[in-house]
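Visitor: Take this structure first; my questions come after.
No value in this document is a laboratory result; all are computed from the given coordinates. If you're wondering where the values come from, they're calculated on a predicted model, not measured in any experiment. Quick reminder, even Gly has a Cβ in these numbers, built from the backbone with ideal geometry, and neighbours come from all protein chains shown.
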Amino acid sequence: MKKLIILLLLFNSAIYAQDFSFSQWQKSAQFVNPAYNFRNQNRIYYGLKFQQPSLSNSITTQVLSYHTRIRQIGGFIGGFLMHDAYLNNASSISQIGIDYNYVLLLSRKFSITFGVSPQLQYRRFNPNKFAFQDQIFPRDGVINDFNEPNQAFGFDSDIGIVFRYSEIYLGFNTRHLLQSNLYRPTLYSLQIGNTFLRKFENHLLDVGLLAMSQDNFNYLVFNISYQFKFIYGGINYQIRNNFGFHLGTRFKGFDISYQYDMMQSLLTNASGTNHELSLSWYYKSKRNCSGCTRISMPDF
């Protein structure tokens with residue numbers, strides 16, 4: 001059976017790695033859709049994800065971002081750094097970008113937010129560090145294509161839109177819209193969610209659904225989280241891939257959470273688990289913002 005699987009994998013000709021994604025995608029929502037902002041507050045965020053840590057060809061993703069509200073431009077502006085490394089940096093993608101979103105308030109409860117994110121990317125690839133077993137890319141189980149330059153720079157951009165009515169939001173996004181030099185398949189995504197129990201003191205319930213499609217790769221994950229006072233936790237389920245849970249705490253503007261995923265795929269016995277750590281600091285601006293729109297992401 002193993003020989004059959006390997007033979008099938010060898011028939012893949014041109015392979016391009018899918019985009020990284022966090023199971024707690026609401027924490028890093030600006031990477032899913034640049035039209036999202038965060039509880040109408042300034043935010044510093046750091047995210048770390050280990051995928052298949054038991055394998056030599058594990059994947060480590062790190063993200064650092066800062067976003068601030070500026071009344072004069074009618075929305076939020078921010079910047080971010082991302083590094084996605086595979087096999088101890090034998091293959092990696094580094095990215096620096098900015099994003100801006102503009103909020104159009106149509107009524108007290110209904111608003112539309114537009115977002116754009118231009119980026120500069122650097123891809124590094126060293127085939128000399130690979131053994132055959134390391135060529136099998138753990139995200140999708142296919143064989144890496146070595147017919148590519150060892151390093152390259154390129155430009156990219158994402159655009160997005162978010163419709164929000166009260167606590168219900170609906171977002172659409174397109175990634176890799178304008179690419180140069182570095183080819184990555186265009187990614188389309190849909191985000192749906194709602195926040196419940198906000199009117200009850202010390203209680204909060206959030207649900208969210210993220211659907212993404214990129215080339216022949218489809219991704220669908222459902223999240224639910226419940227918060228009581230300063231402690232929260234929840235579960236997520238990714239169709240045909242993994243099931244996980246998260247625990248976190250929120251106090252004095254700080255938000256710290258841990259996510260554990262259990263893999264469900266042909267590589268389960270070899271890879272097993274994923275781990276995520278999320279650190280955020282929210283703080284309010286001292287500037288007067290009477291003209292700003294009160295639109296935000298869910299609290300978890």
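Visitor: Points 7 angstrom from Cα along the Cβ direction at residue 258 and residue 166: gap in nanometres?
Guide: Here the modelled spin labels are 3.7 nm apart.
Visitor: Is segment 75-117 rounded, prolate or oblate when judged by the Cα gyration tensor, a ≥ b ≥ c being the square roots of its eigenvalues, rounded requiring a/c under 1.5 and prolate requiring a/b larger than b/c?
Guide: Details: a/c = 5.77, a/b = 3.60, b/c = 1.60.
It is prolate, given that a/c is not under 1.5 and a/b is the larger ratio.
Visitor: ³J(HN,Hα) across segment 215-220 via Karplus (A = 6.51, B = -1.76, C = 1.60, θ = phi - 60°), whole Hz, x for Gly/Pro?
Guide: Ordered by residue, 3J(HN,Hα) equals 6, 9, 9, 10, 9, 9 Hz.
Visitor: Within 14 Å, Cβ to Cβ, of residue 210, how many net charges do the neighbouring residues add up to if Lys/Arg are +1 and Asp/Glu are -1? Provide the component values of the computation, followed by the final result.
Guide: On the way: positive: 27, 175; negative: 19, 206.
Counting the neighbours of residue 210, the net charge comes to 0.
Visitor: Order these peptides, 105-113, 41-49, by their mean beta-carbon neighbour count within 10 angstrom, highest first. Mind dumping the intermediate values first?
Guide: Numbers: 105-113: 13.9, 41-49: 19.2.
Top to bottom by mean Cβ count within 10 Å: 41-49, 105-113.
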